[in-house]
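The structure appears right after this line, and notes come after that.
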Amino acid sequence: MKRYTILGAIVITFMTGNATDFSPAVKLNLPTAGAHPILSPDASKMLYTTDNHCGLSMVDLNTMHTTVIDESMAAGNNPAFSPDANSIVYRTASTNDGLLVHDIRVYDLNEGKSKVKAQYSRSTAEPIEYTGSTNYAIDRYHDILVCHDGVSKKISPLPDAHSYLWASLSPDGKHLLFTEPFKGVYVANADGSNPVLLAPKGDYASWVNDNTIVYVLSHDDGYIILDSSLMAINIDGTEARQLTPNDMIVGEASAANNHIVFSTISGDLYLINAK
């Protein structure tokens, strides 16, 4: 079995208001409680939904204007912005003869309306298509689909991996970030070579910028979450930091273009800026 070594001895530093590289977390004033936040590539907008993914809303982080995109069941389950942030791809759920079915919809931000891209079916295929972008990565459970410089390839960076989650390429397209749920958070070259373990445990890993990632670190007793914090770490394994206080239970997080948004289990959403 191939072995992987975690980079260095990580020292956790709690971030305070005196931090020079990350701003303090600011609570977003939204019309309703929110969960499952997703940032647009330029970090100007944020998608969010309810804790059970019912409905999908978008907030402009510059004006704080909120738009309800869809109120359908499961509309907030893993939606995705297009690379140019001009459209959003998402699915909704329904039942047909007692069976769960999904459709695929595309919301055009310029037109302000959604169109059905694929009718309801039993297909479990992911609706996300990254047209107009030459560099991207999508986790496909047992492997990762990477498109780099226009060439698509399925890779498995860890030969003994159970599965892959939260795969993405760095903004400059040079590095691949992914999580193996039983091994931890890794960064590798864009082609999957030279995988390096950054953290032995972590969820919702995403890129703050080319050199820094964030992830959610939580612990439970098998039944309830005991603690959950937002963590940041450089891709060389240095400067691992806790960005949220110990008494805050973080839900999910998303990062892009030197911005981070995250939810709490109480239904609040927060924004952090990287300086």
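No lab work stands behind these numbers, since they all come straight from the coordinates. What you see is a predicted model, and the numbers here were worked out from it, not measured in a lab. Reconstructed Cβ throughout: ideal geometry from the backbone, glycine too, with neighbour counts over all protein chains shown.
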So what's the projected area for the stretch 55-117, the Cα convex hull averaged over all directions, in nm²?
4.6 nm²
Within the set of other residues whose C-beta is less than 10 Å from the C-beta of residue 116, count the net charge using Lys and Arg as +1 and Asp and Glu as -1.
+2
In square nanometres and to one decimal, what's the mean projected area of the convex hull around the Cα atoms of the stretch 139-210?
4.3 nm²
Which of the lysines could be linked to residue 27 by a straight reach, that is with a Cα gap under 16 Å, when you skip same-chain ones fewer than 8 residues away?
45
Taking only the alpha carbons of the stretch 97-230, the radius of gyration and the largest Cα-Cα distance, Dmax, both in angstrom, are 17.2, 50
Given bins 5 angstrom wide, list per bin the percent of all Cα-Cα distances in the stretch 207-275, short to long.
4, 17, 29, 24, 15, 8, 3, 0
When we measure straight from the Cα of residue 201, which aspartates and glutamates land under 20 angstrom away, once same-chain ones fewer than 8 places off are left out?
139, 143, 160, 180, 220, 221, 227, 236, 239, 247, 252
In a Debye calculation with equal point scatterers on the alpha-carbon sites of the chain and no solvent, what is log10 I(q)/I(0) at q = 0.08, 0.10, 0.12 Å⁻¹?
-0.32, -0.52, -0.76
Hey, any idea what the orientation-averaged projected area of the convex hull of the stretch 182-235's Cα atoms comes to, in nm²?
4.1 nm²
Need one number: convex hull volume per residue for the stretch 44-162, Cα atoms only, in Å³.
142 Å³
Where a ≥ b ≥ c are root eigenvalues of the Cα gyration tensor, a/c under 1.5 meaning rounded, otherwise prolate if a/b exceeds b/c and oblate otherwise, the stretch 151-275 counts as oblate
